[in-house]
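What follows is one structure encoded as structure tokens, with my remarks underneath.
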Amino acid sequence: MAETPTLAQTIDKLFKTIKRPDGREHSMEAVAKACTAWLRERDQGKSFSKEYMRQLRSGAANNPTKNHLEALAAFFDVAPAIFLDSESSRQIQADLELVAAVRDTGVQAVALRALSLSPANRAQILEIMRTMQAKQAGDIGNDASAAESRQSST
């Protein structure tokens with residue numbers, strides 16, 4: 001089973017995965033302002049500074065209030081459960097991985113073309129991809145072994 005990410009790792013992943021419409025990361029200042037507004041709309045009255053956001057993302061601060069986590073979740077449009085050590089958190093993390101992969105234009109092109117194929121043809125394409133991945137993994141291992149051999153012979 002994969003190790004549960006830290007709060008800082010989860011927040012960092014949100015920044016890197018859930019981006020602005022122009023493809024750039026949200027600034028810490030923009031997230032802090034939006035979180036402060038979210039808290040005030042709910043009469044939570046708590047502030048959320050750019051510095052505090054930086055501390056949460058870097059791991060320097062690691063004990064935010066429930067309200068702060070809810071505000072962050074609302075900003076990134078994810079369930080607050082992402083911040084917990086739970087099955088829900090693991091599923092949300094997996095969904096974020098998928099979002100990141102689908103943003104890759106090459107992945108999008110493959111997926112869109114696959115839609116027009118029959119289920120049998122999609123299965124064949126998946127098998128070809130698995131074979132290519134295994135070959136690539138073997139090539140990477142062989143490259144590292146060859147480099148070690150060259151280094152030890154010098």
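When Ile92, Ile82, Ile18 are checked against the criterion of being at pLDDT below 90, surrounded by fewer than 18 Cβ atoms within 10 Å (Cβ to Cβ) and in contact with a helix residue (DSSP H, G or I) (Cβ under 6 Å, 6 or more places away or on another chain), Ile18 stands alone in meeting it.
Sort through Ala137, Ala120, Ala146 and tell me the only one that's modelled with pLDDT of 85 or more and either over 30 Å from Asp43 (Cβ atoms) or in a helix (DSSP H, G or I) (or both). Can you show your working first?
Details: Ala137 fails: modelled with pLDDT of 85 or more; Ala146 fails: modelled with pLDDT of 85 or more.
Criteria check complete, one pass: Ala120.
Once the stretch 51-78 is narrowed to residues that are among the charged types (D, E, K, R) and within 21 Å of the chain's Cα centre (by Cα), the residue that is most open to solvent (accessible area, probe 1.4 Å) is Asp77.
Looking at Asp104, is it among the charged types (D, E, K, R), at pLDDT below 75 and within 16 Å of Ile11 (Cβ to Cβ)? Full working, then the answer.
Working: among the charged types (D, E, K, R): yes; at pLDDT below 75: yes; within 16 Å of Ile11 (Cβ to Cβ): no.
Against the criterion (among the charged types (D, E, K, R), at pLDDT below 75 and within 16 Å of Ile11 (Cβ to Cβ)), Asp104 does not qualify.
Note on the stretch 22-78: residues that are assigned to a helix (DSSP H, G or I) and not aromatic (Phe, Trp, Tyr) total 30.
The values are calculated or read from the model by the stated rules, or taken from the named source; none is laboratory data. The structure displayed is predicted, hence computed values, not measured ones. No Cβ is skipped: glycine too gets one built from the backbone with ideal geometry, and neighbour counts run over all protein chains shown. These accessible areas exclude ligands, DNA and RNA; they are computed on the full protein's heavy atoms, side chains included. Shrake-Rupley method; radii C 1.70, N 1.55, O 1.52, S 1.80 Å.
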